[in-house]
Amino acid sequence: MSAYRRHIALAAILLAGFRAPQDGAGPQPLPPALADRDDIVIEYYDVSGDTAQALRAAINAARPTDTHDGKPVDARTQVRFQWRWQTTPGSCDLERAQVHLRATVLLPRVTNYASLPKALRARWLSYLTILGEHEAGHVDIARRGIPAVRDAIAGADCDTAQQAARSAAAAISQAQIAYDAETRHGAMQGATFP
C-alpha cells in the first residue's frame, strides 16, 4: 500500500470513529457506508452555505455529471477494473488471472460545516449518510462483478482474454446504469437535499 493510500485509509478510519462534541460541531464526518473501505478513494467538491437552500444552490453550481447519462448528480462513483495474468512466449495462464477494483467516490463537502446551525448539520448528515449508502451500492455492484470478469478471462484464450474482460466489465457498467435508473441516482433511497 502506498503512503498516499495509507494516509487516506488512516483518515477514513479517524473520520469513521470521529465523535463530534455534544453540539455536533467539527469537521464533516465521512458517511458510515464509505468508512473503513480500503477499496474506495474518497474525493470531494467543496460547497458552503448557511441555509439548506444556499447549500443546495452551491451543490447545483459545483456538482459533477454522471458519466453514463450526462445528468448532474450530487455524488459520483467511478470504478475501474484492472486485470493481469502471467504470459510466456506462446501461452498465458488465464486460470490464475488477477482482477482488482479501484473505486473513487466524489462527494460534496460543506466547508463551513462546524458553523452550520445544529438542525441543518443534522439534516446534512442524514442526507450525506444516505448518499454514501447509495454510492457504496455502486462499489458493491462492481465488487460482486469481479468473479464475472475473472470467469470471462478464464473462459477465453490468450488472443481474446482482453476483450472478454472488457465485455464483462461493460456488463457490470450496465448494472450500474440500471441501479441509478431504479433509484433515480439515489433519490428513491432518500438521498435528496433539502
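The values are calculated or read from the model by the stated rules, or taken from the named source; none is laboratory data. Everything numeric in this text was worked out from a predicted model, so none of it was measured. Every residue, glycine as well, gets a Cβ built from its backbone with ideal geometry; the counts of neighbours run over all protein chains shown. Just so you know, the surface numbers come from the protein's heavy atoms only, side chains and all, with ligands and any DNA or RNA stripped out. Shrake-Rupley method; radii C 1.70, N 1.55, O 1.52, S 1.80 Å.
Please report the carbon-and-sulfur percent of the accessible area for the chain; probe 1.4 Å, protein heavy atoms only, DNA, RNA and ligands left out. Can you show the working numbers first?
Values: 5550 of 10550 Å².
On the chain, the fraction of accessible area on carbon and sulfur atoms equals 53 percent.
With a 1.4 Å probe and all protein chains left in place, how much accessible area per residue does the chain have, in Å²?
On the way: 10550 Å² over 194 residues.
Spelled out: the 1.4 Å probe surface of the chain, per residue, equals 54 Å².
Tell me, what are the semi-axes, in whole angstrom and largest first, of the equivalent ellipsoid of segment 113-194 as set by the roots of 5 times the Cα gyration tensor eigenvalues? Could the numbers behind the result be given before it?
Numbers: eigenvalues 298, 28, 12 Å².
Over the Cα atoms of segment 113-194, the ellipsoid semi-axes are 39, 12, 8 Å.
At a temperature of 25 °C and a viscosity of 0.890 mPa s, determine how fast the chain diffuses translationally according to Stokes-Einstein, using the Kirkwood radius over alpha-carbon pairs as Rh; express D in µm²/s, rounded to the nearest whole number.
Values: Rh = 18.4 Å.
So the translational diffusion coefficient is about 133 µm²/s.
Mean sequence separation of contacting Cα pairs (under 8 Å, at least six apart), scaled by the length of the chain, corresponds to a relative contact order of 23 percent. Inter-part distance, segment 162-180 to segment 78-137, computed on C-alpha centroids, equals 16 Å.
When +1 charges are put on Lys and Arg Cβ atoms and -1 charges on Asp and Glu Cβ atoms, the dipole computed for the chain relative to its Cα centre reaches about 460 debye. Placing TYR113, TYR44, TYR179 in order of accessible area, with the largest value first and a 1.4 Å probe, yields TYR44, TYR179, TYR113. Each of GLN53, ILE177, GLN98 was scored by the projection of its Cα onto the charge dipole of the chain, and the greatest displacement toward the positive side belongs to GLN53; charges sit on the C-beta of Lys, Arg, Asp and Glu. In whole percents, the pair-distance distribution calculated for segment 88-138 from its alpha-carbon pairs, binned every 10 Å from zero, is 18, 30, 18, 12, 11, 8, 3. Note on the chain: helix-only mean residue ellipticity at 222 nm, from DSSP H runs of 4+ residues weighted -39500 (n - 2.57) and normalised by residue number, equals -15000 deg cm²/dmol.
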